[in-house]
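Structure, as structure tokens:
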Amino acid sequence: MIDGLIDTLLLKPYNTRIVVLGVMMLGAASGLIGSFLLLRKQSLLGDALSHATLPGLGLAFAAMSSLGIDGQYLPGLLLGAATTGVLGILFVLAIGRTTKLKDDAAMGIVLSVFFGIGIVILRLIQNIPGQTSAGLESFIYGKTASMITSDFVLIAITLSFCLFVTFLARKELVLLCFDPSLAATQGWPVLFLDLLLMALVATVTVVGLQAVGLILIIAFLIIPATAARFWTNNLRHLLWLATFIGAVSGWLGASLSAVFANFPAGAVIVIAAASFFLISMLFGKARGVIPRFLRQRDLRRKVGRQHLLRSTYEILEKSQKERPLKNLSISLHLLQQHRFWGKGELAKLIRQARIEDHLERQPSGELRLSESGFGEASRITRNHRLWEMYLIKHADIAPSHVDRDADLVEHLLGAEIVHQLEAELALTQATIESPHDIQAETTPS
Amino acid sequence: MRPEHPPEIPIAIHDLTVAYHRKPVLWDLELNLPEGKLIGIAGPNGAGKSTLLKACLDLIPKTSGEVLIYGKPYHKQRDLIVYVPQRESVDWDFPVSALDVVTMGTYRQVGWFKRIGKRQRITARDALERVGIGHLADRQISQLSGGQQQRVFLARALVQDALIYLMDEPFAAVDAATEHAMIEILQELNTQGKTVVCVHHDLATVSRYFDHLVLLNMRVVASGPTKEIFTRDHLQKTYGGKLNLLDDVAEALKNLGR
């Protein structure tokens, strides 16, 4: 079994090769087009479209049968599917424009009604004499294994078409997705661009019906794009990554379903894509859950550490008249009074500071800054006071020059501004007196 | 050409009615906006201020009437006019940088299927410098503050370089420093002879910022030089029974010393 899977993944067996490659390319195309759909915030429109293809399949079958052609002739079926799929979209738009119904309600109505009609038509055409409609159900859940060379070619053409159009009109499509009102005032044909995007979605959907099925094709459109979004804030990277994730999901899913033939292919492919989504959601560099958690924890620690060191430094300042400041021991009690600390927070911060070798516990039980801790504390205090002076002097320009990235909390002011400020305030000495009185805080700050 | 709307008027509105689902939002508007002025449009919520801008730009269908930009319909004069929508009108979580957004202002000039070149990027960077956030050019837009986002929008308008600027609540929910920086740029545009039209909600600053005022509440209550229009009588007509607002107005009028 495992050998079989590896062979399939490596495209060794001839009969599964075109299937695996075909689904891979389909995944790439849906990942790419799905990204635009996601950015246009119309992911569910793709779902309405795919469900609305079912009556078209049945009607095309009936029409071709009555004309004496093979009812299963694929291009004919796909043409029928595309026709009612697009019709479904037009219904959604028409409902949205003529009534006060919201888009989601309109999509729900179109999706379910078209699908229902499709099921009824499929039942009716079972009774056409001399033709078998048995294969049509496979469009609902997908039947990857039935893919033949001509299907493969069709998918290859679709992918090339999608790549070509998005390469050519990326700028236009991005503008449409980000700010349609700007596009309209600049004279871009917004409706045409929207239709172009919908046409791309319809093409991918209809071509993917056979491989993934009409219920699950939407997953192929949405999941690679949303997974990619966790990794990057850069649009170009997003497009490439979504294309790549779609391709790899297709590759894995099709290989698995080729080896474990009794599972429906569409479902296996979607599960493969979903595992990418899960990994991305957890570990994605830009917006993943775990990196975000780690960043927040680091920030909490950083801020806590700064508070602790600055408090220690301020206590030393208060207790001594002469400068330079001597690094003396202070009692835990003083620290506790100096600032409001959460329950157990101070103990935790002290433990952390001792691990980082910033703080030492004296035999008497008192605390004392280490040599490196003392330097760090004076640096942090100095930065903090510079920041306060900056706000006092330049509150008017502050909002545009202050870094909002919380990660950079230590560098609120860039090096350049610090120099400017030092020059302006004539503050080049190593320590700065606080611009306000430092009082022990007894209330939460 | 109608005699009451001569072609040297930047925005001439004739008999404009806009209705959403049979509910009129603007009713039979008749308005000439003068050239080279800083023009404020004020009125209560739901008075149709944003709708008026959108109707001028063909962004929503007009039920009746016409809008002429220097004597011609908007679709022939696109290059003369720039629109800055409300900040909330776009998704600031979108995966683009501040520079990307400003560059979008040049798309029309770049044209179909062509790539953005070095020249457009330099123009966009200059505009970001001009609004004071050149150092944030490569920052993803969700990591900008509200004021910085509004500055990005202003920079995008600047690269479009037009004669008329239509801005929808540019000062809504921005910090004082941004408001100050933006009004300075608008005044600069004004001294270059450009016409700037802002939907504005803060009556306390209306008389300081704008030299021409339109008071709107479904119809034009009053329009003219701010000095003549910004009176208790006109404001009462515009804002009606909204008494808490009237207190603000009283305060604002007192500051004017009248």
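FYI, it's all coordinate maths here, none of it is from the lab. Fair warning: this is a prediction, and the values are worked out from it, not measured in the lab. Every residue, glycine as well, gets a Cβ built from its backbone with ideal geometry; the counts of neighbours run over all protein chains shown.
Results, tabulated for the structure shown:
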quantity	calculated
Length-normalised contact order for the stretch B:11-256 - Cα pairs under 8 Å, 6+ apart - percent	27
Cleavage-rule hits (GluC sites (Glu not before Pro)) in the stretch A:271-369: DSSP loop, at most 16 neighbouring Cβ within 10 angstrom	A:322, A:356, A:366
Helix-only CD estimate at 222 nm, as mean residue ellipticity for the protein assembly as shown, using -39500 (n - 2.57) per DSSP H run (n ≥ 4)	-18500 deg cm²/dmol
Length-normalised contact order of chain A in % [C-alpha pairs under 8 Å, at least 6 apart]	18
Prolate/oblate/rounded label for the stretch B:106-174 (Cα gyration tensor, a/c 1.5)	oblate
Alpha carbon centroid spacing (whole Å) that separates the stretch A:286-339 from the stretch B:170-223	46
For the stretch B:119-132, 3J(HN,Hα) per residue [Karplus equation, 6.51 cos²θ - 1.76 cosθ + 1.60, θ = phi - 60°, Hz, x = Gly/Pro]	4, 5, 5, 5, 4, 5, 4, 4, 5, 5, 4, 5, 8, x
Residue pairs, from the table A:12/A:143; B:72/B:227; B:72/B:194, whose Cα atoms sit over 28 Å apart	B:72/B:227
Pairwise label distance in nanometres, residue A:70 with residue A:352, each label 7 Å out on the Cα-Cβ vector	7.0
Antiparallel bridges, percent of DSSP beta bridges restricted to the protein assembly as shown (to nearest 5)	60
Residue among A:307, A:333, A:51 with the largest mean-square fluctuation in a Gaussian network model of chain A, springs linking Cα atoms under 10 Å	A:333
Anisotropy class of the protein assembly as shown from Cα gyration tensor, a/c 1.5 cut	oblate
Highest-fluctuation residue, A:296, A:126, A:362 considered, GNM on chain A with Cα pairs under 10 Å	A:362
Tensor-based shape of the stretch B:1-147 (alpha-carbon gyration tensor, a/c under 1.5 rounded, otherwise prolate or oblate)	prolate
Rounded to 5, percent antiparallel among DSSP beta bridges of chain B	55
Chain B: angle of helix B:243-256 to the longest principal axis, Cα-based, in degrees nearest 10	80
Average beta-carbon neighbours from other chains, 10 Å sphere, peptide A:174-184	6
The stretch B:35-114: chymotrypsin sites (Phe, Trp or Tyr not before Pro) in DSSP coil with no more than 12 other Cβ atoms inside 10 Å	B:112, B:113
Listed residues A:32, A:49, A:11, most fluctuating in chain A (Gaussian network, C-alpha, under 10 Å)	A:11
Inter-probe distance in nm under a simple model that places probes 7 Å from Cα toward Cβ, at residue A:97 and residue B:188	4.3
Average other protein chain Cβ within 10 Å of Cβ, residues B:156-168	1
Under-5 Å amide H pairs with residue B:213, H placed in peptide plane, nonlocal only	B:40, B:224, B:226
Exceeding the 31 Å Cα-Cα cut-off - candidates A:318/A:393; A:171/A:302; A:318/A:343; A:41/B:54; B:49/B:76	A:171/A:302
